[in-house]
Amino acid sequence: MLVFYFCTLPTLSSFHDSLFELIEQKKINATTSLQGGEFYCKSFFRHTQQKNYQPLKKTAIAYALALKLSLQETQDLLATAGYTLNDAIGFDSAIINFIRRGIYDIIKIEIELYDRNFLVFSN
């Protein structure tokens, strides 16, 4: 007798849905808080008005930094866009260290990344 078992895999929310869920959970004003990540109203709404918006990895990281997400929250948000932070990659390792140290100031982060010859957010 052949028996088939079906399991349902959890589905990941879209990046768009996850981003707005985090904004709501943290009870913050999206446009005000995201300015800290160098996102302005125009670009924020342009990025997020499409449900299937697929950000670049550095854009997704910038949103995580602007929202001051924990490392786990950052990894979860990145996963919805198909990315992850990896300690073996220099840029990713630097971002992980900034988050662990509670450094979310995008300007300070960009200066350190630039000094280390890593890709910066504003190029």
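The values are calculated or read from the model by the stated rules, or taken from the named source; none is laboratory data. Predicted, not measured: the structure shown is a model, and the values here were computed from it. Cβ sites come from the backbone with ideal geometry, for glycine too, and all protein chains shown count toward neighbours.
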> Which residues, taken from the range 84-123, are among the basic types (K, R) and in a loop (DSSP other than H, G, I, E, B)?
Replying inline: R101, R116
>> What pairs come out if I take residues in the range 75-102 that are more than 14 Å from A62 (Cβ to Cβ) and pair them with residues that are assigned to a loop (DSSP other than H, G, I, E, B) and of a type in the set (D, E) whose C-beta lies under 6 Å away, six or more apart or interchain?
In response: S93/D87
> What pairs come up if the first residue lies in the range 19-31 and is closer than 18 Å to A60 by Cβ, the second is part of a helix (DSSP H, G or I) and at pLDDT 75 or above, and their beta carbons are under 8 Å apart, counting only those six or more places apart or on different chains?
Replying inline: L19/Y63; L19/L77; L22/E73; L22/L77; A30/F20; A30/I23
> So which residues in the range 91-107 are closer than 14 Å to S70 by Cα and within 13 Å of the chain's Cα centre (by Cα)?
Replying inline: I95, I96, I99, Y104
> Looking at (1) more than 11 Å from the chain's Cα centre (by Cα); (2) modelled with pLDDT of 80 or more, which is the one condition that is false for Y5?
Replying inline: (2)
